[in-house]
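Okay, structure first, notes after.
The values are calculated or read from the model by the stated rules, or taken from the named source; none is laboratory data. These numbers were taken from a predicted model, which means no experiment stands behind them. Cβ placement follows ideal geometry from the backbone for every residue including glycine, while neighbour counts extend to all protein chains displayed.
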Amino acid sequence: MSIDIQALEAALVSGESRGLAKALTLIESRRPEHRLLAGKLLSAIYPKTGRANRIGITGSPGVGKSTFIEALGKFFLEQGHRLAVLAIDPSSPRSHGSILGDKTRMEELSVNPNCFIRPSPSGLSLGGVARRTRECVLLCEAAGYDTIIIETVGVGQSETLVSSMVDAFVFLQLPNAGDQLQGIKKGILELADLVVVTKADGAFEQAARRAVVDHELALHYMQPDPDRLPVRVMSCSAVEKKGLREIYVTLLGNLKTLETDGRLQKRRRQQREEWFDSELQDQLMDLLLRDPNFKKDTQTLKTKVTGGSLSPTEAAQQAISSLQLKGLQGVPRF
Ligand code: GDP
């Protein structure tokens, strides 16, 4: 494809949905020349990014994530926001499975012109998915979406990644006892800014009330983080649309407070630093693996390592030292 970056930037910033779709195709391409152009596009739009509220949402399968995001998302849209919902599915590219589910999710949101929904990029490692999602956040912000929801499902690693790219993290919990302790054991609650007990209706209503108190007690024993506000616990029924306004007001109110006292900017600074570090590692690996000699050398070393005749540490050292001898000349620019 021939790509005019200036035209693409103009289409994206004008809010045209085709502009966003095209830009996404570009950043999701793995061809080196497209990565180069994607970098140029991201630089061009960079000054127009960073203004959205970035919200992470997680919870185990069946907790009610899609129902909750649909209900809360509709609430945001009713208040005049433009919303993007991006997913990070931690299922491995090898299993070809999907933990978040292949079923059509959030049907009502998906037809709203002010809402953009992007499923998890497929066929990539979790690190690769995170890389694309971060770039996707920037594109959505440049395209005028002021609220970005990043959804993931409860496996520790994906939550840590989402936490490194959002301003607030909402942790959904079922209204049955015991669940909250499990959350703390996994260390995941430490990443949460807001805990929401779902399905607080009908037969579950009382259990949900109890679960809120249990969580508050459990959180009471956790070390407060001076860089964040105290974790709030709330309940909601996405089906009966109860508790959504309170969650909306709490989320936006907290973000305003953090912005006013500078903690939001601090969090974003740390996130940019982490992103740079991991991007550097990824790009270096990409660069090296494109060098046919390096690839051949590492393949030979890998055979020795898997056969047990060479230790992984020694093998990595050999790969690096052969690289130092040759220098980086001849390696195609990425
Ligand atoms: P996900 O797997 O976390 O995305 O969960 P879903 O949103 O698909 O919901 C799982 C099940 O819980 C579905 O059968 C929903 O109808 C049900 N559910 C979701 N939210 C609520 C709620 O607020 N109240 C009740 N009673 N059921 C709910």
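Give Asp291, Asp261, Asp297, Asp286 a once-over and let me know the one that is of a type in the set (Asp, Glu) and within 22 Å of the chain's Cα centre (by Cα). First the steps, then the outcome.
Values: Asp291 fails: within 22 Å of the chain's Cα centre (by Cα); Asp261 fails: within 22 Å of the chain's Cα centre (by Cα); Asp297 fails: within 22 Å of the chain's Cα centre (by Cα).
Checking each option against the conditions leaves just Asp286.
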Determine whether Asp89 is crowded, with 21+ Cβ neighbours inside 10 Å and either among the small types (Gly, Ala, Ser) or modelled with pLDDT under 90 (or both).
yes
Spot the failing condition for Thr250; the list is (1) surrounded by fewer than 15 Cβ atoms within 10 Å (Cβ to Cβ); (2) assigned by TED's automatic domain parsing to the domain that holds Ser235; (3) not small (Gly, Ala, Ser), and only one is missed.
(1)
Given the criterion hydrophobic (A, V, I, L, M, F, W, C), modelled with pLDDT of 90 or more and closer than 20 Å to Ile247 by Cβ, identify the matching residue among Val170, Val137, Val153.
Val170
Per the filter on the range 292-334, residues small (Gly, Ala, Ser), modelled with pLDDT of 80 or more and surrounded by 12 or more Cβ atoms within 10 Å (Cβ to Cβ) are Ala315, Ala316, Ala319
Kindly list the number of the only condition in (1) buried (at least 16 other Cβ atoms within 10 Å of the Cβ); (2) farther than 25 Å from Gln173 by Cβ; (3) modelled with pLDDT under 90 that fails for Leu24.
(3)
Being among the basic types (Lys, Arg), within 16 Å of the ligand (Cβ to nearest atom) and outside any loop (DSSP other than H, G, I, E, B) is true for just one of Arg272, Arg268, Arg209. Which residue is that?
Arg209
Can you name every residue in the range 56-73 that is assigned to a helix (DSSP H, G or I) and within 9 Å of the ligand (Cβ to nearest atom)?
Lys65, Ser66, Thr67, Phe68, Ile69, Glu70, Ala71
Among what's in the range 218-244 and is within 16 Å of the ligand (Cβ to nearest atom), outside any loop (DSSP other than H, G, I, E, B) and over 24 Å from the mean Cα position of the chain (by Cα), pick the residue that is surrounded by the most Cβ atoms within 10 Å (Cβ to Cβ).
Ser237
